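Read the figures in this text as sums done on the coordinates, not as results from a lab. These numbers were taken from a predicted model, which means no experiment stands behind them. Ideal geometry is used to build each Cβ from the backbone, glycine not excepted, and the neighbour counts take in all protein chains shown.
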Amino acid sequence: MVMLGLTEALLITELILLVVTVYLLLTSIREARGRSHLIDQLMRATRTFSRAEYFTAVQESVGEATSYIYAAVTGTPPKEDEKETIERLLRQFSRASKAGVKLKFLLPKDPDRLMMGHMYKSAGGEVRYNPSLLVSDMRYMIVDGRVTVLGFPERSGLKEPTRKGYKVYSEGVALMCKEKFDNLWESPSSADYDSYLKETIKEAVAHTPGVSNETLSSLLSLPVEEIERIRSS
């Protein structure tokens, strides 16, 4: 009787495992079909543009926002010929923030990204830094969960500028990017702007005791008042 009961138990277990395997297989097939459909949708809804058009598309999208803008960007300091474009974009972000649009910016955890972090924060955005963005070559901005602006460099590398962009009108693509963004934003390895600036200043002072606020300001391309604010806190 014991052996018979054990055999029945094993058969039931095998049946359960078979059902689970079939379920997972069907789920995988559905997901594959879903990904294929999403790719088709992406190709139909995507418009490709150059670097100059990329910034124009970003500004247009910011102007269309009514609820939120979440952006994962490289945050590199602008070159001389880009400063005017960046200033216009920051003014646009500021107007969006004052209109009630929630702004969040994710940047790579690198000291030379503090300058742009300060600018995004001054424009009304929340800023966090995450080290995993150091290996990412894709930059993206999600607007209201319906539009995503993607930017890519010509070559791999953190300091490579965006050369090509894609504006995608797809809630599915926006959802995927938002899930990735939210995971990085809430990650324990992410640090907000003030915390990261404080950490960077602390490391600089440990390496060079007595370093002045003016020197730190020059090294980090930040206003002296910003260095004073963090050091006094």
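Kirkwood-type hydrodynamic radius, segment 171-229: 13.7 Å, calculated from all non-identical alpha-carbon pairs. Cross-linked pairs 98/178; 83/109; 109/180; 79/121; 178/202: Cα-Cα separations exceed 26 Å for 178/202.
For segment 63-105, the residues whose amide N sits under 17 Å from a probe point set 7 Å from the Cα of residue 192 along the beta carbon direction are 102-105.
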